Amino acid sequence: MRLLDRYLLRELLVPLGYCLGGFFIFWVTFDLISELEEFQRRHLSTSDIAAYYLVKTPELLVTVLPVALLLALLYALTTHARHHELTAMRAAGVSLWRLCLPYLLVGLVFSLALFALNEFLVPDNNEAAARILARRQTDPAAGTDPRWHHNLTFHNEAGRRIWTIGAYNRETGEMQGPIVEWSLPDGNRRRLLAERAVYTNQQWVLYGVKELLYPPDTGALPFYRGETNELALAGLSETPEQVNSEIKFSALSNLKAAKRPRLSLREILDYQRLHAQLSARDQAKLETQFHGRLAEPWTCVVVVFIAVPFGAPTGRRNAFVGVASSIFIGFAYFILMRFGLALGTGGYIPGWVAAWFPNAFFALAGLGLAQRVR
């Protein structure tokens, strides 16, 4: 790495650290003040509260990292421009975009980091935070344990199976009172009624099982095939992860889906594989969530294109004009992104257009404005 690149990175990373730290302290302080009464009501200890905010940190980073990067870029660029450092660099034959190469690399690294956070940590954050909030007041019998989801119906259309579950533990995959029904090749329908079920060794094991066989004739009585204490079903393809995806999708309202992507790519693909026939509304929601999950991390690269034309111009005496202008453009970008997700979720425009249009529009606008920088 050239000496110039190291210098530009150092001058960027210092304000970036201050911005991230400031955002984090502000968010924790504001949220703690507003939720303190709720924490006291739930009898949470100091360690519980610290664990709660630690779990919520990845979701916070996804939100504030692009904004912090934008502010840090503006500060670094305007500082270089005010001290005529950019003028000296360009006079030495270094082009504007060559100067911005370290910033683009930082944006790319942050984009990859946001993708990893969105795919592996953020989708489970809300459930983990809810478990921490309820850890001092959990009562499974009363239905207050957030690990248990009650009265769940799970359809596997590809395998033509229907699960009706009295209670499901989202951490362990344990089921209470499950009923599994599916069609056999001879036209009969097999129904298993169990007291509980667990997923172990890549298969479902049912306990306290009663088996019924329904003939194709809907008017005929079912045939009782007996009971067994334990029954392993290696042929069932459903997994606890797929059941969790069903729970998340059923809880995903149009309002939540319009705000930001909330399902991981793996969860979306699993859900589409299990549900071959989706309604137009559900298909639009899933398509928008899929492309939104792919497009959201690239915000960190887009803000570089936004910051360059407003922070790099020389000869501007008031640096706050460029900062204010780019912040306004940045907020317009985030508003357009939310608006696009809302249109895509409602099925008014294709999901890929809703997710990628804000990135493409503002990146191209930033490139066009940068060509005018003197």
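Where a number appears in this text, it was derived from the coordinates with a stated rule and is not lab data. Since the structure is predicted, the reported quantities are computational estimates derived from the model, not experimental observations. When we count neighbours, we look across all protein chains shown, and the Cβ atoms used for this are built from the backbone with ideal geometry, even at glycine.
With Cβ to Cβ distances under 14 Å as the rule, what net charge do the other residues near A116 carry (K, R +1; D, E -1)?
-2
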Contour minus Cα-Cα distance for N126 and F328 (0.36 nm per residue): 69.7 nm
For the chain, how many pairs of lysine residues have a Cα-Cα distance under 20 Å, where the two are 8 or more positions apart or belong to different chains? 8
If R0 is 56 Å, what FRET efficiency do you get for A92 and Y348 from their C-beta distance, rounded to 0.05? 0.65
Counting only DSSP loop positions in region 18-78, the chymotrypsin sites (Phe, Trp or Tyr not before Pro) whose Cβ has at most 15 other Cβ atoms within 10 Å are none
Please list 6-16, 278-288 highest first by mean number of surrounding beta-carbon atoms within 10 Å per residue. 278-288, 6-16
Region 160-236: relative contact order from alpha carbon pairs under 8 Å, six or more residues apart, as a whole percent, is 22 percent
What Kirkwood hydrodynamic radius do you get for region 160-236 when you take the inverse of the mean 1/r over all pairs of distinct Cα atoms, in Å? 13.0 Å
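Given R₀ = 56 Å, FRET efficiency for V14-Q40 by Cβ-Cβ distance, to 0.05?
For V14 and Q40, the calculated efficiency is 0.90.
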What's the magnitude of the charge dipole for the chain around its Cα centre, counting Lys and Arg as +1 and Asp and Glu as -1 at the beta-carbon? Answer in Debye, nearest 20. 1600 debye
In nm, spacing of pseudo-spin labels at L32 and L265 (7 Å Cα→C-beta vector): 3.7 nm
Which FRET efficiency, nearest 0.05, do D282 and R196 yield, Cβ-Cβ r, R0 22 Å? 0.10
Region 324-374 to region 169-238: how many Å between their Cα centroids? 50 Å
Those trypsin sites (Lys or Arg not before Pro) from region 141-241 that are DSSP loop and have at most 14 other Cβ neighbours within 10 Å turn out to be R160
Taking Cα pairs under 8 Å and at least six residues apart, what relative contact order does the chain come out at, in percent? 16 percent
Sorted by Cβ density within 10 Å, fewest first, the residues I268, I179: I179, I268
Residue separation times 0.36 nm, minus the C-alpha to C-alpha distance between H84 and Y53: what's the value? 6.9 nm
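What number comes out for the charge environment of Y103, summing +1 per Lys or Arg and -1 per Asp or Glu over other residues with Cβ under 12 Å away?
On the way: positive: R98; negative: D5, E11.
That works out to -1.
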Estimated inter-spin distance, E181 and I25, nm [label 7 Å along Cα→Cβ]: 6.0 nm
Can you compute 3J(HN,Hα) from phi for each residue in region 275-288, using the Karplus curve 6.51 cos²θ - 1.76 cosθ + 1.60 with θ = phi - 60°, rounded to whole Hz and x for Gly and Pro? 10, 5, 10, 9, 5, 4, 5, 5, 5, 5, 5, 5, 5, 5
Which of L112, L73, L184 ends up with the largest GNM mean-square fluctuation for the chain, with Cα atoms connected below 10 Å? L184
